[in-house]
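The values are calculated or read from the model by the stated rules, or taken from the named source; none is laboratory data. Bear in mind that the values here come from a model prediction, so they are computed numbers and not experimental data. Cβ placement follows ideal geometry from the backbone for every residue including glycine, while neighbour counts extend to all protein chains displayed.
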Amino acid sequence: MFNKNSFVTGLILGLFIPLAVSGGLFLLFKILDQMNIMSVTGFRPLFRERTITLIGIVANALVINRFNKQRFTESMRGVSVATFVYVFIWVLVFWKMIL
């Protein structure tokens, strides 16, 4: 998976990693909420959703760092494009809440 220096490999990983990380965190928080360990009371609207999706997007930084160490510039470009797309979508969705 990390041995191929291509734009498509980076793009696929850049699209998959944030979804997997965000999905795992949403699942974790749902389980913790059902066990009454955590709750959303006292937070701003959609705080958890905004934060978890940002953590998922930032997870791409780990992939970019890995590709940088291996000098896989094309793969880094693919991950960067996917990251910028996710950031653009994040800003569009949460625009009114971040101002």
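Evaluate the following for residue 60: is it out of contact with any strand residue (DSSP E or B) (no Cβ under 7 Å at 6 or more places or on another chain), without any contact (Cβ under 8 Å) to a residue 40 or more places away in the chain and not small (Gly, Ala, Ser)?
no
Between residues in the range 77-99 that are under 13 Å from residue 15 (Cα atoms) and residues that are polar (S, T, N, Q), which pairs lie under 6 Å by C-beta distance while being six or more apart or on different chains?
Correct list of pairs: 79/60; 83/60.
Residue 37 passes all but one of (1) hydrophobic (A, V, I, L, M, F, W, C); (2) over 20 Å from the mean Cα position of the chain (by Cα); (3) within 25 Å of residue 96 (Cα to Cα); which number fails?
(3)
When you go through 58, 79, 87 one by one, which is the residue that is modelled with pLDDT of 95 or more and closer than 17 Å to residue 24 by Cα?
After applying the criteria, what remains is 58.
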